[in-house]
Amino acid sequence: MPEFEYKTEVLTSMVGRDKLRVSDLEDVLRKNGAEGWELATLNLDADIRGKRDGHLLVFKRAAPPSQ
């Protein structure tokens, strides 16, 4: 069974507004995609520390093989 590693990022530039700025999201997706990360989930207006902190992105990619 394949193993994965995970990474999270929080976009905060649009917190408290109705819409996520598409250009901000595309920048984060491009940067992480270039490093081999695939977006696994996007949580809008995520409540991370007991308040609305931002938009939570979770990325995954295949873990390097164990030796």
Pair Glu26, Glu9: separation of 7 Å Cα→Cβ label points (nm) = 1.5
remark   = For the Ser66, Ala40 Cβ pair and Förster radius 25 Å, calculated FRET efficiency rounded to 0.05 is 0.70
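Each reported figure results from applying straightforward, stated rules to the coordinates on display, with no laboratory input. Here the structure is a predicted model, which means the values were calculated and not measured. With ideal geometry, Cβ positions are generated from the backbone for all residues, glycine too; neighbour counts draw on all protein chains shown.
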